[in-house]
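The values are calculated or read from the model by the stated rules, or taken from the named source; none is laboratory data. Since the structure is predicted, the reported quantities are computational estimates derived from the model, not experimental observations. No Cβ is skipped: glycine too gets one built from the backbone with ideal geometry, and neighbour counts run over all protein chains shown.
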Amino acid sequence: MDWLEFIASLVESLAWPIVVVLILILFRNPVTDLIPLVRRIKYKDLELEFERTLAEATQKAQREQLPITRPSLAERYDENLTRLVWVAEVSPRAAILEAWLEVEASAAEAAVRFGLRLEPRDRPSPLRLGSLLAGAGVFSQGLLDVYNELRDLRNKAVHAVDISLSPAVVRDYVSLALSLVEYLRNQRPSN
């Protein structure tokens with residue numbers, strides 16, 4: 001192989017990668033403008049849909065002035081947050097499930113305090129429980145949305161086979177869930 005053949009084979013093998021890089025450089029701005037419009041991308045077990053829904057739920061909670069417990073301050077809050085932050089490091093799905101169970105139990109306790117009839121054998125589904133609490137004035141529409149989004153995210157985390165969530169995202173879920181728990185525990189009928 002002489003130098004000309006070597007250069008020709010080198011140009012041939014590098015042509016497509018160079019073209020791809022040039023296209024990415026030339027269309028960098030239009031591509032970055034499209035990224036916020038993407039609803040779901042999976043790449044190396046990254047679940048943007050979960051993170052986006054969680055971010056939207058957190059924004060709704062903040063608009064409803066629900067104080068969000070921050071996991072970095074776990075020692076200043078109850079032991080549930082500390083325990084669930086630790087579980088998030090070991091088993092993200094377990095932490096999400098445990099946090100949701102806290103929300104569901106607090107919602108059922110609030111329903112009882114507000115006189116909503118909940119027989120143990122006829123305990124309503126979480127969806128129905130949220131609607132009952134909204135009807136009783138415990139949840140505003142925004143907080144009902146947060147409750148339902150937490151429920152949906154819990155379902156995705158528990159039932160999805162190919163979801164892999166970072167501990168930071170799970171800590172954010174746990175924080176939002178336990179903030180809703182605290183809100184529910186503090187709600188009392190006005191009479």
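Points worth noting:
- Taken over the stretch 157-170, residues that are in a helix (DSSP H, G or I), surrounded by fewer than 24 Cβ atoms within 10 Å (Cβ to Cβ) and in contact (Cβ under 8 Å) with a residue 24 or more places away in the chain amount to 4.
- Of SER131, SER140, SER125, all but one fail to be at pLDDT below 90 and of a type in the set (Ser, Thr, Tyr); the exception is SER125.
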